[in-house]
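> Right, I'll just put the structure down here and ask away after.
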Amino acid sequence: MKKEYIYSFPRMGYSYIGFKAFFEAMDKKVIIPPPRNQEVLELGVRYSPEDMCFPFKILLGQYIKVLEEGANILISLGGYGPCRFGYYMPLHEEILRDLGYKFKTITIEPPIAPWNIGIPKFFHMLYDLLGFNSPFKLYNAGRNAVYKMLYVEQLEKKMHYLIPREVRKGETEKIFEKALDILDKSGGKNFNKIKDAFNEAKALMDNIEHIKNDNLIKIGIVGEIYMVLDHDNNLDIEKKLINMGVDIDRSLWVSSWTLHRVIYRKKHREHMMNLIKPYLGEFIGGDGQESIMNTILYKQKGYDGVIHILPFGCLPEISAKEILTNVSHDYDIPVLSLSFDEQTGEAGFVTRLEAFIDLLLQRRGEGLNEIVSGY
Amino acid sequence: MDITIGIPRGLYYYVYYPLWKSFFDYLSIKTVTSIPTNKEILNEGIKYSVDDICVSVKCYHGHVKKLLDNKNIDYVFIPRVITESKGKHSCPKLIALPDLMKNAFINYKNKIIEGDFYIGQKEKKLLNEFLKIGRNFDIEDKEIKNAYRYAKNSFKKFLNLKLNGHNFLQALDLWEGKDIDQVEKSDLLIGIVGFPYDIYDDFLNGGLLEKLKTLSVDFIVSDMIPQFILRKQTKKIPKDLFWHQSNVALKAGLYFLAKKEIQGIIVLSSFGCGLSAIYTRLLELYNKKTVKKPLMIITIDEQTGDAGLQTRVEAFVDMIRMKLGEL
């Protein structure tokens, strides 16, 4: 009997909807990892090295869960440093094999020298990932995945706009969940059905009653991509902020990451290194340099403050954190650095956000706690 | 010339100091090295750095502060070692090192001289960097080029000393023309794996090397292993690490595990060091799968106590001796 392959991939925010669409259109089975919960956290922390970064521990916990559910192929991105992310998969693999799990891994990464090994390895990876399929099928699956991802991001942006302005508290959140569900369940292989589902979901959100107000406090969010995107792990910081009545803008999306880091890589890097030259002279990997750049850009766009999110022990972001204190001083923009790990508690966290918003209000010369009443 | 440059005794000092020292010497620029780490320097470092950075970098902050405060020193030299061999970076924190220092000591910004080092790549890149450093002091290019050549040859001599079985501190003494104590051969040989700046900083690691000496244990340090031996270990790991120093540490560790004369291994890492988290675990798992040699992991932090470490090292050495049937 031929063995059935069941795929799984890391969960990051709502991006799983897009990835799932890809594998479904390719007629493959997938298991979506569970969101962070106590069990996942405990498993991850128990088997990871202590000084490893926080996302590594969460992913390890989630991998253990999906392997127990029957997944046998794990897919992840790779890389070649200097951030530790590129070594996640090999180390995960070693630890999981030591625990006795049997599975295959596919690491998506560009080929490197020596070319006589690198290039065959690259094509082998592509074959593992895509198999022998007609180009039409691949195109269809890719398109469905990309569009679903973009649609989810649009819905999220709409939610970020609506919640601080909604008339009935809590209405937007409920409708957003519903809209997401409609989009997630839609289509399969049929692209038109996905489009229709998105229009339906969008109409639902457009109908929410809200007050137009463009004078809210504006906060930009920068930091490490996994912690910024994965709302389960950053204690839902974005929803907490918008529920306190402020406007937020996230500097990183899956779409913008792909645009800047993969497609327009060179142009992006040139622009970035020019802007941050007085603070950082060299590329340090991860999202460290982007955090510094985006803080400066947010100031130029007239934002009131910036929140910097980093996982505990992240190498590039720690450097960025130390440098950001001076960026904050020179550009006169408040920056709050929040580092997350398995012990970050909810209560102290909310207090810090409230205090930060109070500070921003004060800088604007508005009264304290007028807007922050709803939370 | 009437200029004094301070070189902080931390991080890459323990790898490339002879290179910098001989370069400045040739240009007759006086250099001053900060004193070995002590409690005061460490505390100063903790004060000026962010809290989740590793203890080695914290300590470096202290050394830089010490030199900046010294009125006799005109400039402080902070290297930015970006690559050490082809395609291998150093730790992101060390790549950002001059920027970190400039941000921590913003008032002394003009006193800091930085140099970007691409080592193990095209010769021209390295030469250009030395030219940039030299031009800060209005020295002619020709003179700088000569100094660079002199420094390179001098550093080569130093590396040869290291390959001849001397550790960094011994090699440095020999290189500077001092005598070193002859070590008596011991029955017990232990491999020490870690980053040079943790192993050779006597205060940070609680005098580990001294302790081993008093227990009459011979040791070999991971940075004494030549490259061609390290390269042979690559097939034992799933993917080449992309940080030069961790690569050296991991592969030296694998070599120690394979070598029969080495009876035990001590892995030294500093608290908050993300890179050692990876290679330590790989080494542990490999050891578990294959030879099962005695392996001890010591993590050093701001509070590393002398007594606790003493007990651990003694127990570890006793265990190995017991295994060999000597006790």
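> Please tell me if A:D358 is acidic (D, E), touching a Leu at 6+ places or on another chain (Cβ under 7 Å) and farther than 13 Å from A:L235 by Cβ. If you could, list the steps in order and put the result at the bottom.
Values: acidic (D, E): yes; touching a Leu at 6+ places or on another chain (Cβ under 7 Å): yes; farther than 13 Å from A:L235 by Cβ: yes.
For A:D358, the condition - acidic (D, E), touching a Leu at 6+ places or on another chain (Cβ under 7 Å) and farther than 13 Å from A:L235 by Cβ - is met.
> Return the residue satisfying two criteria in turn: it lies in region A:60-80 and is within 14 Å of chain B (Cβ to nearest Cβ) and surrounded by 22 or more Cβ atoms within 10 Å (Cβ to Cβ), and of such residues it is modelled with the highest pLDDT.
Applying the filter and picking the extreme gives A:L60.
> Suppose we filter B:I180, B:I199 for residues that are touching a helix residue (DSSP H, G or I) at 6+ places or on another chain (Cβ under 8 Å) and surrounded by fewer than 18 Cβ atoms within 10 Å (Cβ to Cβ); which single one remains?
Only one candidate passes the filter, namely B:I180.
> I'm checking my understanding of the structure. Among residues of region A:17-57 that are within 14 Å of chain B (Cβ to nearest Cβ) and acidic (D, E), which one is surrounded by the fewest Cβ atoms within 10 Å (Cβ to Cβ)?
It comes out as A:E50.
Every residue, every condition in (1) surrounded by 13 or more Cβ atoms within 10 Å (Cβ to Cβ); (2) part of a strand (DSSP E or B), yes or no:
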site	(1), (2)
A:G86	yes, no
A:E93	yes, no
A:L96	yes, no
A:T105	yes, yes
A:F136	no, no
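> A further question follows. Just one of B:G207, B:G274, B:G264 is among the small types (G, A, S) and within 14 Å of chain A (Cβ to nearest Cβ); which is it?
From the options B:G207, B:G274, B:G264, the qualifying one is B:G274.
Residues checked against (1) crowded, with 21+ Cβ neighbours inside 10 Å; (2) part of a helix (DSSP H, G or I); (3) not charged (D, E, K, R):
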| residue | (1), (2), (3) |
| --- | --- |
| A:D214 | no, no, no |
| A:V222 | yes, no, yes |
| A:Y226 | yes, yes, yes |
| A:I248 | yes, no, yes |
| A:M273 | no, yes, yes |
| A:M293 | yes, yes, yes |
| A:H308 | yes, no, yes |
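> If you don't mind, there's one more thing I want to ask. Which residues, counting only those in region B:262-275, are closer than 19 Å to A:F312 by Cα, touching a Gly at 6+ places or on another chain (Cβ under 7 Å) and outside any loop (DSSP other than H, G, I, E, B)?
B:S269, B:G274
> Can you tell me which residue is surrounded by the most Cβ atoms within 10 Å (Cβ to Cβ) among those in region B:34-63 that are within 22 Å of A:F312 (Cα to Cα) and of a type in the set (G, A, S)?
Among those residues, the one meeting the criterion is B:G45.
> Do we have any residue at all in region A:217-232 that's more than 20 Å from the chain's Cα centre (by Cα) and more than 23 Å from A:T344 (Cβ to Cβ)?
The answer is yes, given that some residue of region A:217-232 is more than 20 Å from the chain's Cα centre (by Cα) and more than 23 Å from A:T344 (Cβ to Cβ).
> If the requirement is being at negative phi, of a type in the set (G, A, S) and free of Cβ contacts under 8 Å to residues at least 24 places away in the same chain, which of these qualifies: A:S291, A:S256?
A:S256
> Contact list please: Cβ distance under 7 Å, first residue in region B:238-254 and away from every other protein chain (no Cβ under 12 Å), second residue of a type in the set (S, T, N, Q) and surrounded by 24 or more Cβ atoms within 10 Å (Cβ to Cβ), pairs at least six apart or on different chains.
As it stands, the answer is B:V248/B:S222; B:A249/B:S222; B:A252/B:S222; B:G253/B:S222, since those pairs meet every condition given.
> Using the structure shown, decide if B:K109 is closer than 18 Å to B:G6 by Cα and either among the polar types (S, T, N, Q) or assigned to a helix (DSSP H, G or I) (or both).
Numbers: closer than 18 Å to B:G6 by Cα: yes; either among the polar types (S, T, N, Q) or assigned to a helix (DSSP H, G or I) (or both): yes.
Answer is yes for this residue.
The values are calculated or read from the model by the stated rules, or taken from the named source; none is laboratory data. Since the model is a prediction, treat every value here as computed from it, not as a measurement. Every residue, glycine as well, gets a Cβ built from its backbone with ideal geometry; the counts of neighbours run over all protein chains shown.
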